[in-house]
Amino acid sequence: MVIRLAVAALLLASSAAAADGTPVTETFTTADHPAGVAFEWVVPDGVTSLTVTASGGSGGESDPARPGGLGATVTATIPVEQGQVLSITLGADGLLTTGGAGFGSGGEGIDAGGGGGSTGVSIDGTVAIVAGAGGGSATSTGAGGGGAAGTPDG
């Protein structure tokens, strides 16, 4: 099981779930939600912000000596209100010649590794977070691993 998105909800002190100060954590994976298919999550009562950690899919490898690039991991805390709707699309790793599904799907490789799929979160229709995916690797006999995704700053 590959974790692609974890959401920690910070609750108001008046909420019973936050009485001990422990954040509520929910993790979404491609084992529970298919990559590339958006699903919705509604902000529960008492939640005032979310800390979201999202990871993009890694690029596919053409050969174990030339792995695909790693997907980016992005963490951000965003203010929310109860009842807001998050649309979440998880990213998958690329495979040999096949790009991974995701918020943005990875490109196909021609006898090479396909790119990974990115993971994205939108709130009420506005894109809030995107974790980029890694590039697929080449089939050349020399160096040619896939490029890693960028950091949150680019």
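Does the stretch 38-54 contain at least one residue that is over 12 Å from Ser122 (Cα atoms), in contact with an Asp or Glu (Cβ under 6 Å, 6 or more places away or on another chain) and either in a loop (DSSP other than H, G, I, E, B) or of a type outside the set (Gly, Ala, Ser) (or both)? Scanning the stretch 38-54, I find no residue that is over 12 Å from Ser122 (Cα atoms), in contact with an Asp or Glu (Cβ under 6 Å, 6 or more places away or on another chain) and either in a loop (DSSP other than H, G, I, E, B) or of a type outside the set (Gly, Ala, Ser) (or both), so the answer is no. Can you pull out every residue in the stretch 87-137 that is within 21 Å of Thr53 (Cα to Cα) and in contact with an Asp or Glu (Cβ under 7 Å, 6 or more places away or on another chain)? Residues satisfying the conditions are Ser87, Gly100, Gly116. Restricting the stretch 16-40 to residues that are at pLDDT below 90 and charged (D, E, K, R) leaves a set whose member that is least open to solvent (accessible area, probe 1.4 Å) is Glu26. Tell me whether the stretch 8-15 contains one or more residues that are within 19 Å of the chain's Cα centre (by Cα), surrounded by fewer than 24 Cβ atoms within 10 Å (Cβ to Cβ), modelled with pLDDT under 80 and among the aliphatic types (A, V, I, L, M). So far as the stretch 8-15 goes, yes, one or more of its residues are within 19 Å of the chain's Cα centre (by Cα), surrounded by fewer than 24 Cβ atoms within 10 Å (Cβ to Cβ), modelled with pLDDT under 80 and among the aliphatic types (A, V, I, L, M). Could you look through the stretch 92-113, keep only residues that are of a type in the set (Gly, Ala, Ser) and open to solvent by 20 Å² or more (accessible area, probe 1.4 Å), and pick out the one that is modelled with the highest pLDDT? Applying the filter and picking the extreme gives Ala92.
Summed over the stretch 55-83, the residues that are more than 15 Å from Val130 (Cα to Cα), open to solvent by less than 40 Å² (accessible area, probe 1.4 Å) and part of a loop (DSSP other than H, G, I, E, B) give a count of 6.
The values are calculated or read from the model by the stated rules, or taken from the named source; none is laboratory data. No experiment lies behind these values; they were computed from the predicted model shown. Virtual Cβ from ideal backbone geometry, glycine too; neighbours counted across all protein chains shown. Ligands, DNA and RNA are excluded from the accessible area calculation, which covers all protein heavy atoms including side chains. Shrake-Rupley method; radii C 1.70, N 1.55, O 1.52, S 1.80 Å.
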